[in-house]
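Notes for the one structure printed next.
The values are calculated or read from the model by the stated rules, or taken from the named source; none is laboratory data. In this text the structure is predicted, and so the values were computed from the model without any measurement. Cβ placement follows ideal geometry from the backbone for every residue including glycine, while neighbour counts extend to all protein chains displayed.
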């Protein structure tokens, strides 16, 4: 398995509110993925961890998002083709992650 790409997204919401917003907004994620058609599946294997799988453009990206009191730690597992763009993907998620996951920004 490839090494995950780690992104920390700071927030000031507290753990419970961050979880609530993530649950409420995950359905909006496909609109932010290039290509126009993306399938997103998410579930919560534990209270503070969301597991996400995104399928788009023939690629599948798996991720976990761990919620803490002051940040969300996203760990992405990118397929080899997208691994070439790991730095750019990390930068976009770091820059826009608060807006995408929490509605902050």
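Quick one: in the stretch 31-46, of everything that is free of Cβ contacts under 8 Å to residues at least 12 places away in the same chain and outside any strand (DSSP E or B), which residue is nearest to residue 76 (Cα to Cα)? Top of the filtered list is 31. Among the residues of the stretch 73-83, those that are more than 18 Å from residue 100 (Cβ to Cβ) and either touching a helix residue (DSSP H, G or I) at 6+ places or on another chain (Cβ under 9 Å) or modelled with pLDDT under 85 (or both) comprise 81, 83. Return the residue satisfying two criteria in turn: it lies in the stretch 54-64 and is part of a strand (DSSP E or B) and farther than 11 Å from residue 6 by Cβ, and of such residues it is modelled with the highest pLDDT. Applying the filter and picking the extreme gives 62. Kindly indicate whether residue 92 is surrounded by 15 or more Cβ atoms within 10 Å (Cβ to Cβ) and either modelled with pLDDT of 90 or more or part of a helix (DSSP H, G or I) (or both). For residue 92, the condition - surrounded by 15 or more Cβ atoms within 10 Å (Cβ to Cβ) and either modelled with pLDDT of 90 or more or part of a helix (DSSP H, G or I) (or both) - is not met.
Annotation: of all residues in the stretch 26-35 being exposed (fewer than 14 other Cβ atoms within 10 Å of the Cβ) and either closer than 19 Å to residue 91 by Cα or in contact with a strand residue (DSSP E or B) (Cβ under 9 Å, 6 or more places away or on another chain) (or both), the one that is modelled with the highest pLDDT is 27. Considering the stretch 2-25, and only residues there that are surrounded by 13 or more Cβ atoms within 10 Å (Cβ to Cβ) and without any contact (Cβ under 8 Å) to a residue 60 or more places away in the chain, the residue that is nearest to the chain's Cα centre (by Cα) turns out to be 19.
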